[in-house]
Structures are given as structure tokens and as C-alpha cells.
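Student: I have a structure here, written as C-alpha cells, and I will follow up with some questions on it.
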Amino acid sequence: MLKAVSNSAALPNTWRDTPFRYGLVSRSFHWLTALLVLTQFFVVAMWRVLGETSVTLMLSRLAPHGAIGLLLMVITLGRLLWWYSQRHQRPQPPKTLRGQLARIVHGTFYALLMLIASLGLIRHYAGGWPLKAYGWELIPGAENDIPALMLPADLLHSPLSWLLLLLVAGHIVMAIIGGRSRKNF
């Protein structure tokens, strides 16, 4: 009986990260972020391809761009807090050039997710538009337009978003290549 208790106590907690594997919380944050980012790009791409149609209006009601952006900001803050709490036990990238690039790209992901969402919120507020989702006003708009805030937000929100998409594509390619190389060993 004592042996069974000590063995069960030694089992890794699947919620937390270990040096060998990301835990359930980290993986959930990762895939939720991926789903929301890809949803944002899908809806924007549909608007660019189709213009204003019943399909794009429905997509915008199901996945309001501003509300999803705000949710991404909140999730990214949660990811950062979780990363900080797990930083000593999570898998570490190898101390190679590839590992250092992975660290830099992941840091860039966090920075871009926060910056893009912040710029979107600033643009919404400064344009006088309240941020609404599913009939709820999440953030009020300014009483008057604020051009000094609108200009940088307008200039940077979209290009940084496309940079994020480019990095996501590279991340996917590297994950596939990394998965194949691990299978060969």
C-alpha cells in the first residue's frame, strides 16, 4: 500500500508543465490562441474577398473582430502569468541557434499579440466606436474622435497583424520539420 501511494505521488501532474512536456494548461492556452488568431484572419480574409455580404456579416456577428482581439489580449496576459509560474519546470529550447530563434519568435508572438490587440482597442476608442460583442458594450468609445491616437493605430495594426500571420506560418513549418526530425532519432 505504501509503495502504491509513493508511486502515485511521483506521477506528474498533467495540468502543470514538466521539463519533458507542456502541461494541459499551457497546451490549452496555445491551441485557444491559435484558434482565435486563425479565426481573426479567416474573417478578415472573407471580408477582403467577398466584401459586405450576408456571409461576412454573419461571420462578424459570430466572431466580432474587436471582441476576439480583446479576448486574445486577456488570454495572452493569462499565458504570460502561467509561463512565469511554470518557467522553471517547462521544456527549455536547446542552446543552439534554432533554440534561440525559437525563444525570440515566441517572445515576438507575445509582444505582437499584446501590441496588435492594444492598437485595435485604441483605434476603436479613438474613433468614437464602442466595442460591442453579443449585444454588450465592453468598452465605450470616446465622445469625440482622437486623431492623435487613431493615426498610429491605423498605421500599425494591420501591418503588425500580417507580420504575426507570417510568423505563425513559419512556426507551423518549423513545428512540422521539428516533429519529423524527432521521429528520425
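Student: Starting from the Cα-Cα distance between V74 and Q100, subtract it from 0.36 nm times their residue separation and give me the gain in nm to one decimal.
Tutor: That pair, V74 and Q100, stretches by 6.7 nm at full extension.
Student: To the nearest 20 debye, what is the magnitude of the charge dipole of the range 10-90 about its Cα centre, counting +1 on the Cβ of each Lys and Arg and -1 on the Cβ of each Asp and Glu?
Tutor: Value, rounded to 20: 300 debye.
Student: With the alpha-carbon atoms as the only input, what is the per residue convex hull volume for the chain in Å³?
Tutor: 190 Å³
Student: Okay, next question. What is the calculated FRET efficiency for L81 to T53, with r their C-beta to C-beta distance and R₀ = 30 Å, to the nearest 0.05?
Tutor: 0.15
Student: Could you work out what % of the accessible surface of the range 103-185 is carbon and sulfur, using a 1.4 angstrom probe and leaving DNA, RNA and ligands out of the count?
Tutor: About 70 percent, which is the carbon plus sulfur part of the accessible surface.
Student: Would you mind calculating the gained length between W129 and I176 on full extension (0.36 nm times residue separation, minus the Cα-Cα distance), in nm to one decimal?
Tutor: Gain in length upon complete extension: 12.8 nm.
Student: What accessible area per residue comes out for the chain, rounded to a whole number of Å², with a 1.4 Å probe?
Tutor: 68 Å²
The values are calculated or read from the model by the stated rules, or taken from the named source; none is laboratory data. All values derive from a computational prediction rather than experimental measurement. A quick note on method: Cβ atoms are made from the backbone with ideal geometry, for glycine too, and the neighbour counts reach across all protein chains shown. Remember, those area values only see protein heavy atoms, side chains included, never the ligands or the DNA or RNA. Shrake-Rupley method; radii C 1.70, N 1.55, O 1.52, S 1.80 Å.
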